[in-house]
Amino acid sequence: MDAVVNLCKRRGFVFPSAEIYGGFRSTYDYGPLGSLMLRNVKNAWWRSMVQLRDDVVGLDAAILGPSRIWEASGHLDVFTDPLVDCRNCKERFRADHLKNLDVCPNCGNKGTLTEPRNFNLMFKTNVGPVEDSSSVAYLRPETAQGMFINFANVLQTSRKKPPFGIAQIGKSFRNEITPGNFVFRTREFEQMEMEYFVPPDEGAKWFEYWCEERFNWYVEHGIPADQLRLRPHDPDELSHYSAGTSDVEFMFPWGWGELEGIANRTDFDLKKHSEFSGQPLEYFDQATNERYTPHVIEPAAGATRTMMAFLLAGYDEDEVNGEKRTVLRLHPRIAPYQVAVLPLSKNDQLIPTAREVLRALQPHVMCDYDQTQAIGRRYRRQDEIGTPLCVTVDFDSLEDNAVTIRDRDSLAQERVPIAEIVDRVKDRLAL
Ligand code: ATP
């Protein structure tokens, strides 16, 4: 964990936010490499969930919403965590995270923790110049409600019919009592959620389907299956809307932690929004002349948390020619850069060819370009940030019009004609 957090700061993946002002607890900024990687995590999800399917469409809904949405969804009533305070050291804890409610885990005092009280996790704000109850709004604590309140709009405009899904990626906000473990739990984070609307009697079937699909997505993108598990919720753990939930969990350095929850939400959300808005949120099946409220299966993942899991799973240290190297074994779709173009030296003769190779590759993949320091050190720098391929331009390149492709994991080198570089790189990356 320390090695990954350290690498993130040192190489520009993740910076603690507002650092020049002394920091702002548990908020983070994604730097040049982190912004690329986070974007790749989201793109990989979108590719699997929207692009490669014909039954899921996209949405990008507002972050600010009126109280009515959150009354209908139940968030105003029940989106709470049990909060306890220590009367001695003033630390706050989530009661459900404490093993022993008699002893403060921070100062160790006995009998100083208060009784648990419910604390609503939503960020409340006011819209417009008047701060009265009619101007109260909330930052969304999940992206899901955007899909439910747009159900009728999407149904009409997309001409989809159940089973079909609406997918969305975006920021969510929760006033977490105990944020921490780097970007695992933050108050501002990004989610990747999909609501899959199905005929009422098909809920169980599609729930199983999405549990399997989503588990496999993490494996396909490079997390070893033995560091993942699918954990069904106990009945007393289920959310108020759920007829079944399973979490995809990853073995974090401190133990199993949730990456994604897959829930069978039944018709709870559409019915509630229909009741509170007075608008029908149903599907009319012309084939059978039946009108029904679809049931919903929701795979809800965290983009920022998933990025952290990819970093932890990919982090490795090995030895090359007797020298220790740090390597991030990231999937080519997830790595910040897919290719680094490296002239063997800063020699003026090599630069034009190197730049020509760079320009050829740039429209197809994200490239880094680096011409300073010894080539061995530049390979190490690319290994450390997970770049799958390095393309090296040397003095022979000027004669044979070919370059060397070096593989991050096998370290194998292959000579390739410059004229074929785009195709060969694409083949190797199998994006
Ligand atoms: P937890 O039990 O960890 O608080 P949750 O069960 O409340 O999470 P969901 O409401 O199911 O989480 O949200 C779906 C996903 O969003 C989670 O699996 C996680 O990846 C991500 N997520 C939720 N809260 C946070 C947070 N505070 N910081 C980062 N990611 C989060």
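Every number in this text was worked out from the coordinates using simple rules, so none of it is lab data. Note that the structure is predicted; figures quoted are calculated from it, not measured. Note: ideal-geometry Cβ built from the backbone for every residue, glycine included; neighbour counts use all protein chains shown.
Descriptive notes on the structure:
- Annotation: amide H-H contacts under 5 Å for GLU176 (H modelled 1.01 Å from N, sequence separation of 5 or more, or interchain): none.
- Residues whose amide H comes within less than 5 Å of that of HIS295, counting only those at least five positions distant or on another chain, are VAL198 (H built at 1.01 Å from N in the peptide plane).
- Taking a sphere under 12 Å around the Cβ of TRP256 and counting the other residues whose Cβ falls inside, with K and R at +1 and D and E at -1, yields a net charge of -1.
- Cut-off 12 Å between beta-carbons: net charge of the residues surrounding GLU317, Lys and Arg +1, Asp and Glu -1: -2
- Note on region 197-268: Rg/Rh from C-alpha atoms, Kirkwood Rh, equals 1.01.
- Between LYS324 and GLU19, the FRET efficiency from the beta-carbon distance, with R0 = 22 Å, is close to 0.15.
- Under the simplified labelling scheme, the GLU356-GLN51 pair shows an inter-label distance of 3.0 nm, with each label point 7 Å from Cα along Cα→Cβ.
- Along region 234-244 the Karplus relation, 6.51 cos²θ - 1.76 cosθ + 1.60 evaluated at θ = phi - 60°, assigns HN-Hα couplings of 5, x, 7, 9, 5, 5, 4, 9, 9, 9, x Hz to successive residues, with x for each Gly and Pro.
- The simple spin-label model puts a point 7 Å past each Cα toward its Cβ; for GLU414 and ASN118 those points are separated by 6.0 nm.
- The modelled label-to-label distance between ASN401 and LYS426, using points 7 Å beyond Cα along the C-beta direction, is 2.0 nm.
- Net length available on complete extension from ASP226 to ASP201 is 5.7 nm, with 0.36 nm assigned per residue and the Cα-Cα distance removed.
- Counting all C-alpha pairs of region 77-197, share separated by more than 25 Å (%): 46 percent
- When the alpha-carbon atoms of region 337-429 are used, the pair Rg, Dmax equals 11.7, 32 angstrom.
- Its alpha carbons considered, the chain gives a radius of gyration followed by a Dmax of 25.1, 79 Å.
- Local charge for ILE421 was computed over the other residues whose Cβ lies under 12 Å away, with Lys and Arg +1 and Asp and Glu -1, and equals 0.
- Cα centroid separation, region 17-83 to region 355-418 (Å): 35 Å
- Assigned charges on the beta-carbon of Lys, Arg, Asp, Glu; the chain dipole about Cα centre (debye): 1040 debye
- When the chain is treated as a GNM with alpha-carbon contacts under 10 Å, the residue of ASN175, ASN118, ASN264 showing the greatest mean-square fluctuation is ASN118.
- Rounded to the nearest 20 debye, the dipole size of region 337-429 about its Cα centre is 300 debye, using +1 on the Cβ of Lys and Arg and -1 on the Cβ of Asp and Glu.
- When shorter helices are ignored and each DSSP H run of at least 4 residues is given -39500 (n - 2.57), the per-residue value for the chain at 222 nm works out to -8500 deg cm²/dmol.
- Over region 1-151: Rg over Rh, Cα atoms, Kirkwood Rh: 1.05
- With eigenvalues of the C-alpha gyration tensor scaled by 5 and rooted, region 387-431, Å: 18, 13, 7
- For a modelled paramagnetic label at VAL127, 7 Å from Cα along Cα-to-Cβ, the residues of region 34-63 in reach, with backbone nitrogen under 14 Å, are 61-63.
- Area projected by the alpha carbon convex hull of region 251-354, averaged over all directions, nm²: 15.2 nm²
- Centroid-to-centroid, using Cα positions, region 227-242 and region 140-197 are 18 Å apart.
- The stretch between ASN153 and ILE63 holds 30.6 nm of extra length on full extension. This uses 0.36 nm per residue minus the Cα-Cα distance.
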